[in-house]
Amino acid sequence: MADRKPLISGNWKMNLNHFEATATLDKLRYLLSKDDYEVVDVSVHPPFTDIRTVQTFLESEKVPIAVGAQNCHWEANGAYTGEIAPGMLFKLNVSYVIVGHSERRELFGEDDIVVAQKVKAVFENGMTPILCCGGTLEEREGEATRGKVTGQIHAGIEALTPEQVASMVLAYEPIWAIGTGRTASAEDAQQVCSWIRAKVKDMKGADAAKAVRIQYGGSVKAGNAAELLSQPDIDGALVGGAALDPEEFARIVQFRLS
Ligand code: PGA
């Protein structure tokens, strides 16, 4: 895994109100210790309405879990009913913003152009994007995964400097594995993550490729985290369903112990 520190991110999606968020984090803070945070970076990505509560809780309890968001708009402000500006998230000490999750792409029509604008806006506002990519089952069976995934990465990082790419996070999430209980095999996930790293090297050079962290996402659980995370090009996990259960999520963070 070179010397890239793994990042385990809990994507809560549209789950847990701000009371439930506090209860979940209160359990998590007893399950994780200083030793865990030394070897693994951890972030949680609650719904927007929880972020202020989550920020206040983590800061007052001195829990070194980074606050993340699941999405944002790319403009600084304006007449965009229902949207949230990146600068608003930065003011809440948000560190990581998930961009281009397949649910945003498939259910809310986000295309590569919009995703690239968001990635840029997240950087301009002092935060780190987690840029997601991933193909469908048909694409996998038709062996079109490589083209789809590297195309999404191409569009998302094209306008960035090598230094920005080095500091960001990419997430490979096969659509057929999200929320289905079906995980890519560690070999398959490794293969695609190695293609992604090769693409970064092609576009932005060896230093950026060596430094960029690549997460795997799609039905990650305590039982499969260690195998996935021991692959040379997998530097973390983007966890959906299993992140809602603090015990399961803590065991994923502690994947080295299993
Ligand atoms: P899952 O979701 O772990 O529930 O499959 C992963 C994701 O969508 O980020």
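The values are calculated or read from the model by the stated rules, or taken from the named source; none is laboratory data. Just so it is clear, the structure is predicted and the values come from calculations on it, not from any experiment. Quick reminder, even Gly has a Cβ in these numbers, built from the backbone with ideal geometry, and neighbours come from all protein chains shown.
Summary of computed values
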quantity	calculated
Residues being under 23 Å from Ile130 (Cα atoms) and out of contact with any strand residue (DSSP E or B) (no Cβ under 8 Å at 6 or more places or on another chain) - total across the stretch 29-45	3
Segments classed as strands (runs of 3 or more DSSP E), wholly inside the stretch 111-226, with at least 3 members that are under 30 Å from Pro86 (Cβ atoms) and without any contact (Cβ under 8 Å) to a residue 60 or more places away in the chain	128-133
For Val239: the one exception among (1) of a type in the set (A, V, I, L, M, F, W, C); (2) modelled with pLDDT of 95 or more; (3) more than 15 Å from the ligand (Cβ to nearest atom)	(3)
Selected residue (only one of Gly68, Gly78 is modelled with pLDDT of 95 or more and within 16 Å of the ligand (Cβ to nearest atom))	Gly68
Breaking point among (1) under 18 Å from the mean Cα position of the chain (by Cα); (2) within 30 Å of Arg251 (Cβ to Cβ); (3) surrounded by fewer than 18 Cβ atoms within 10 Å (Cβ to Cβ), for His154	(2)
Residue match in the stretch 192-215 (condition: closer than 22 Å to Ser33 by Cα, more than 11 Å from the ligand (Cβ to nearest atom) and either modelled with pLDDT of 95 or more or out of contact with any Phe, Trp or Tyr (no Cβ under 9 Å at 6 or more places or on another chain) (or both))	no
